[in-house]
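Asks: Sharing a structure with you now.
The values are calculated or read from the model by the stated rules, or taken from the named source; none is laboratory data. Please read these numbers as outputs of a predicted model, since none were measured by experiment. Ideal geometry is used to build each Cβ from the backbone, glycine not excepted, and the neighbour counts take in all protein chains shown. With ligands, DNA and RNA removed, areas are computed over all heavy atoms of the protein, side chains included. Shrake-Rupley method; radii C 1.70, N 1.55, O 1.52, S 1.80 Å.
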Amino acid sequence: MRFVIFFCVAALMASCNTSPSKKVNSTEASQATVVQDTVPVMTFNKVEHDFGTIKEGDVVETTFSFTNTGTRDLMILNARGSCGCTVPDYPQNTPIAPGESADVKVKFDSNNKPNNNNRTVTFTTNTANGREVIRIKTFVTPDPVKEKQREERRKAIQARQNQNK
């Protein structure tokens, strides 16, 4: 009986030495390299921009430059800001050949956006990933008049909630 158990354990250990996952991972890696070599690659000069401190109501703009470092034409099918205050201007549905560069302008409207703001622009592309993301950030100094109005609204809401209890 001990011999049978020993034989089963030895057979199990021997079969574990030939890991099929190692073969699959190396195959996937070589296929990924082939795919990577035949797709566009969107390489940005920067992926984040900090506007620093601005006043509420300011509209600020920055430009992100990118280059197609892949081997096929790059297409930006869509670009969307994480909120309506962040608006990208980009070369939509325009082929960008390998080695060519283009710009994306991003406007941020700080109206009613006091304090810290972290926003993204997400591009839908024909890259291997299918989407690329850039970020902007800023600190918006609240407008004193608007801040007073917001505080009054918060107090009114709080008073209504206390009455409903």
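Asks: Does the stretch 23-41 contain at least one residue that is open to solvent by less than 90 Å² (accessible area, probe 1.4 Å), at pLDDT 95 or above, in contact with a strand residue (DSSP E or B) (Cβ under 6 Å, 6 or more places away or on another chain) and within 30 Å of Ser110 (Cβ to Cβ)?
Replies: no
Asks: OK, next. Counting only residues that are part of a strand (DSSP E or B) and among the charged types (D, E, K, R), which one in the stretch 113-134 is surrounded by the fewest Cβ atoms within 10 Å (Cβ to Cβ)?
Replies: Arg131
Asks: Here's a follow-up. Among the numbered criteria (1) more than 28 Å from Pro40 (Cα to Cα); (2) in contact with a Ser or Thr (Cβ under 9 Å, 6 or more places away or on another chain); (3) small (Gly, Ala, Ser), which one does Gly130 miss?
Replies: (1)
Asks: Out of the residues in the stretch 135-156 that are assigned to a strand (DSSP E or B) and basic (Lys, Arg), which is surrounded by the fewest Cβ atoms within 10 Å (Cβ to Cβ)?
Replies: Top of the filtered list is Lys137.
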